2 protein chains.
Amino acid sequence: MSGSKCRVCRGPAIIDLPRHNANFCAEHLLQLCRRQMAKAIEDHEMLEPGDRVLVAVSGGKDSLALWDMLLDAGYAADGLYIGLGIGEYSAESGAYVRRFAAERGLDLREIDLREEYGYDVPTAARATRRVPCSACGMSKRRLFDRAALEGGYDAVATGHNLDDEAAVLFGNTLRWDVDYLARQAPVLPAADGFPRKIKPLVRLTEREMAAWCVVRGIDYQVEECPIAEGNRHLGYKAALNEIERRSPGSKSAFYLGFLDRMAPLLAGESVAASGGLEPCDRCGAPTTTGDVCAFCRLVETAAAHDPIPVELVTGRRRRR
Amino acid sequence: MSGSKCRVCRGPAIIDLPRHNANFCAEHLLQLCRRQMAKAIEDHEMLEPGDRVLVAVSGGKDSLALWDMLLDAGYAADGLYIGLGIGEYSAESGAYVRRFAAERGLDLREIDLREEYGYDVPTAARATRRVPCSACGMSKRRLFDRAALEGGYDAVATGHNLDDEAAVLFGNTLRWDVDYLARQAPVLPAADGFPRKIKPLVRLTEREMAAWCVVRGIDYQVEECPIAEGNRHLGYKAALNEIERRSPGSKSAFYLGFLDRMAPLLAGESVAASGGLEPCDRCGAPTTTGDVCAFCRLVETAAAHDPIPVELVTGRRRRR
């Protein structure tokens, strides 16, 4: 960046953003991030002033930046960290979250899967014989929903950024999974038994969030989850990154163009939107999968299984 | 392939097809190609027995294989070659087409852009200041349509294969161009002023078509068009090839899944489908772009321009 100048103030730039065809200094990078988050929140009616938000924090750059940005924007935001039991990775991730909250005097809630539900993600992956990301995602969604409802929060906020959402959209598009496509929105309104769920970072990239953390002095878990390694989602990210490298701006055009022009055509195509939810016999959460919800079945299966060390379920690379 | 066996007859295999998770000998590779083309023709009601087809031949593997396959399947198929004036590349391509037709005693029609319309593709690209593929595609579409109508053919057949169609779909999807998506079908029915247009190879890959040519002894132009080099379409192909390499079958799932599940939801979203076509004041062909159609305007602009040697408009690499 030597010699390049901020587009806004002409001071020394710290980052170049090809999709904006410009460079930015630290101060105006933060301004760009604040404006993009504000636009996402406003365009999709995610929050109103005074709303209480529960932020799903993992210890990575996106969720810690999100927590910081929501507070910075004046929202009342608490954190929830879920201990997934993914060996050293989870231990380190939790430490980053606790330090972030402690240094700023924030309210952090914690749920440890092993202590409170009798399983962890590696064991659940082995017990269900599915990819680890499946059990992990379901556990997090359910526990965030429940904590938000019990805590009286107006919304659960997750740190999904533009790269994440574009990759998920790409995967759903490659399969033309119309049900998933119809539900791929940056906000899911509260419905019977579900809290409102919002993704305020959908207009911001991974790189921009890393820069936010650096400028704001936020230490975060840099490692990727060792179990997710080699999964399809990361393959979709790589493919889109190559497209973006050739044509800067393609990724945001893909994701935002979907929301603008295709999502309206798919409204009403979602299975969940067409009703048919019944409360789970065990936990009372709404479910489409019969008497007992998928999460209660996961807990039952995983908690009955002998604990599996994380090393035995790490991604493709190790198994090859 | 040493030692691997044909899935059908257990004889020595000549090709492995990961998307079918199998190997094939020469005879059963041809059988697979014949069946996939027959399924495409039947599923999309492209042709009926006895239909007369005009095949758009370029000299490449796909269009020569298509002509061969249509004849092999019993259709009455003639060829039309358009001389695009892309230097040595066009000269060689034409020679392959003429040799193919002469050796088999087939009816080949030829149109030379420079001789009959006063321009060539490199000059049109320079004159219109757009990417060369734009003027080239428009010229071919218009001249194939006109020749089919004047010759009383039931359909124009083009050699677009699964890789081509998936890459076009990917590009339209990245931009969520709903109008283009709504028209992306393997068959376009005849409409006022347009002949029926069909793509019988949409269930077959580039590699399968190259293998058809090798087995059937068809010599073809191996070079890619020098002007198309570096265009976006080729970038989309590369991205999908990487996805396919990680998950064989992804590409056909993407394209065929679109036709199956998304195309029906988009029916009626096409601008052209909503009417508004008027005959061009000069040539009488239907147009949405005012009194004079885009092709007549292209001819006027390009024919008035001094001829440009192909070397001056070859793709990105040369211009860097």
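The values are calculated or read from the model by the stated rules, or taken from the named source; none is laboratory data. Treat the numbers as computed from the prediction; the structure is a model and nothing was measured. When we count neighbours, we look across all protein chains shown, and the Cβ atoms used for this are built from the backbone with ideal geometry, even at glycine. Just so you know, the surface numbers come from the protein's heavy atoms only, side chains and all, with ligands and any DNA or RNA stripped out. Shrake-Rupley method; radii C 1.70, N 1.55, O 1.52, S 1.80 Å.
What the table below lists for this structure:
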| read-out | value |
| --- | --- |
| Label-point separation in nm, A:Glu45 to B:Ala91, each point 7 Å along Cα→Cβ | 6.7 |
| Long-range HN-HN contacts of A:Arg196 with modeled amide H, under 5 Å | A:Val156, A:Ala190 |
| Accessible solvent surface per residue of chain B, calculated while the other protein chains remain in place, 1.4 angstrom probe, Å² | 47 |
| Sequence-separation-based contact order of segment A:171-320, relative, with Cα cut under 8 Å and 6+ spacing, percent | 27 |
| Gaussian network model of chain A, Cα within-10 Å springs - most flexible of A:Leu71, A:Leu47, A:Leu174 | A:Leu174 |
| Antiparallel DSSP beta bridges within segment B:1-129, percent to nearest 5 | 30 |
| Segment A:154-204 - convex hull of the alpha-carbon atoms, volume per residue in Å³ | 71 |
| Dmax and Rg, reported as Rg then Dmax, of segment B:210-260 (C-alpha, Å) | 14.3, 35 |
| Tensor-based shape of segment A:104-198 (alpha-carbon gyration tensor, a/c under 1.5 rounded, otherwise prolate or oblate) | oblate |
| Global geometry of segment B:255-313, whether rounded, prolate or oblate, following the gyration tensor of its Cα atoms and the 1.5 cut on a/c | oblate |
| Total lysine pairs whose alpha carbons fall under 21 Å of each other in chain A (8 or more apart, or interchain) | 14 |
| Ratio of the Cα radius of gyration of segment B:1-141 to 2.2 N^0.38 Å, where N counts its residues | 1.31 |
| Residues in segment B:168-201 occluded by at least 10 Å² - accessible area, probe radius 1.4 Å, against chain by itself | B:Phe170, B:Thr173, B:Leu174, B:Arg175, B:Trp176, B:Val178 |
| Electrostatic dipole magnitude of segment A:1-54 [Cβ: Lys, Arg +1; Asp, Glu -1; Cα centre; debye, to 20] | 380 |
| Per the axis that maps chain A onto chain B, nearest residue of A (Cβ criterion) and its distance in Å | A:Ala239, 2 |
| In segment A:68-158, the trypsin sites (Lys or Arg not before Pro) that fall in loop regions by DSSP, at most 15 other Cβ within 10 Å | A:Arg129, A:Arg130 |
| Cα-based radius of gyration of segment B:163-286 once divided by 2.2 N^0.38 Å, which approximates compact folds | 1.25 |
| GNM result for chain B, Cα springs below 10 Å: residue of B:Leu181, B:Leu259, B:Leu113 fluctuating most strongly | B:Leu259 |
| The protein assembly as shown: mean projected area of Cα convex hull, nm² | 34.2 |
| Estimated buried accessible area (total), pair A and B, 1.4 Å, Å² to nearest 100 | 2300 |
| Cut-off under 5 Å, modelled amide H: who pairs with B:Lys5 long-range | B:Ala13 |
| Lys/Arg +1, Asp/Glu -1 at C-beta; chain B dipole; positive extreme among B:Tyr255, B:Ala185, B:Gly151 | B:Tyr255 |
| Chain B, relative contact order in percent, only Cα pairs under 8 angstrom and at least six apart counted | 21 |
| Share of carbon and sulfur in the accessible heavy-atom surface of chain B [1.4 Å probe, %] | 48 |
| Chain B: C-alpha pair distances exceeding 38 Å, % | 13 |
| Under the Karplus curve 6.51 cos²θ - 1.76 cosθ + 1.60, θ = phi - 60°, whole-Hz ³J(HN,Hα) for segment B:138-146, x wherever Gly or Pro sits | 5, 4, 5, 4, 5, 6, 5, 4, 5 |
| B:Val55 long-range amide H proximity, modeled H, under 5 Å | B:Asp78, B:Gly79, B:Leu80, B:Ala157 |
| Computed E for A:Ala191/A:Glu115 - FRET, C-beta separation, R0 41 angstrom, nearest 0.05 | 0.85 |
| Check: chain B dipole with +1 on Lys, Arg Cβ and -1 on Asp, Glu Cβ, in debye | 1180 |
| Other-copy label distances relative to B:Asp291, 7 angstrom Cα-Cβ extension, nm | 7.7 |
| Selected from A:Asp260, A:Asp51, A:Asp179 as most flexible by GNM, with chain A as the system and alpha-carbon contacts under 10 Å | A:Asp260 |
| Computed over segment A:1-153: relative contact order in percent, which uses C-alpha pairs under 8 Å that are six or more apart | 15 |
| Lys/Arg +1, Asp/Glu -1 at C-beta; segment A:1-144 dipole; positive extreme among A:Val55, A:Leu32, A:Leu84 | A:Leu32 |
| Antiparallel DSSP beta bridges within chain B, as percent of all bridges there, nearest 5 | 35 |
